[in-house]
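The values are calculated or read from the model by the stated rules, or taken from the named source; none is laboratory data. Since the model is a prediction, treat every value here as computed from it, not as a measurement. Cβ atoms come from the backbone with ideal geometry, glycine included; neighbour counts cover every protein chain shown. Protein only, heavy atoms only, side chains kept; ligands, DNA and RNA dropped before computing areas. Shrake-Rupley method; radii C 1.70, N 1.55, O 1.52, S 1.80 Å.
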Amino acid sequence: MKSILAVFFRVLITAPSMIFVWVLVYFLFHRFFWLSSAVSIFAGFIVYQSMKWVQMRKFLKTQRLSRKEYRFIRKNLKEARLKIKRLQKAFLSVRNIDTFKLFYDMYKLVRKIYGLIKKEPKRFYQAESFFYVHLDSMVELAEKYALLNAQPIQNKEIMQSIQETKRTLKKLNHEVEKDLYQLLSNDMDELQFELEYAKHSIDRKLPLSREERRHL
């Protein structure tokens, strides 16, 4: 949502700027339509890119990231998005209700982590095990399970492989839950602090001073 608003704001500023430049050049250079259009488009491009650069700089400052780090994180997010699509395709091919629920829970978890990192890239370093280990294993095993489960012949060996894959996926699901918990640990600590502050404030009927809050 924030990215959409940022684009909308850039367009909102760029469009009037282009119109102003077009009119100015049109009347200054003896009403040359094509010259006015070319200059206004160029001016709009400069205005749009400048605003984009300023917004990005502000965003990176709030995230405490360098441009190099952000490009690295974006690259990992792009790769993760493709893997999540593969996971979605695998779980949609499953017909067993119990297994479908497991796959659906896994999909919700990975989407939640992906969404958190996309919104706040600075959290990426708290979830490196998810991006480098757990997501890859989860996708590969989910695809293997879907492939084995779709076979017309279900002999003892295939059934054993299916059950073993399912058990491993459940373990991986628990590991991804830990990844999510790790991502949210700081938020939970902050929430606990605010709860303690609220309790003290209610007990005292008066807000604590800054010094008192610091020593909680």
### Query
(1) under 15 Å from K119 (Cα atoms); (2) free of Cβ contacts under 8 Å to residues at least 12 places away in the same chain; (3) open to solvent by less than 100 Å² (accessible area, probe 1.4 Å): which one isn't true of K75, the others all being true?
(3)
### Query
If V25 passes every condition in (1) without any contact (Cβ under 8 Å) to a residue 40 or more places away in the chain; (2) in a loop (DSSP other than H, G, I, E, B); (3) surrounded by 15 or more Cβ atoms within 10 Å (Cβ to Cβ) but one, which one does it miss?
(2)
### Task
State whether one or more residues within region 86-106 are open to solvent by 10 Å² or more (accessible area, probe 1.4 Å) and in contact (Cβ under 8 Å) with a residue 60 or more places away in the chain.
yes
### Message
Out of everything in region 151-185 that is acidic (D, E) and under 24 Å from the mean Cα position of the chain (by Cα), what residue ends up being least open to solvent (accessible area, probe 1.4 Å)?
### Response
D179
#### Entry: Scan of region 125-154 for residues that are free of Cβ contacts under 8 Å to residues at least 12 places away in the same chain and farther than 16 Å from F72 by Cβ, ordered by number
V133, E140, L147, Q151, P152, I153, Q154
#### Entry: Whichever residue in region 54-72 is among the aromatic types (F, W, Y) and modelled with pLDDT of 80 or more and, among such residues, is least open to solvent (accessible area, probe 1.4 Å)
Y70
#### Entry: Residue in region 44-53 that is nearest to the chain's Cα centre (by Cα), counting only those that are among the hydrophobic types (A, V, I, L, M, F, W, C) and surrounded by fewer than 15 Cβ atoms within 10 Å (Cβ to Cβ)
W53
### Query
What are the pairs, 6+ residues apart or on separate chains, where a residue within region 60-71 that is within 9 Å of K122 (Cα to Cα) and of a type in the set (S, T, N, Q) has its Cβ under 6 Å from a residue that is assigned to a helix (DSSP H, G or I) and open to solvent by 40 Å² or more (accessible area, probe 1.4 Å)?
Q63/K122
#### Entry: Yes/no for K122 being free of Cβ contacts under 8 Å to residues at least 12 places away in the same chain and open to solvent by 40 Å² or more (accessible area, probe 1.4 Å)
no
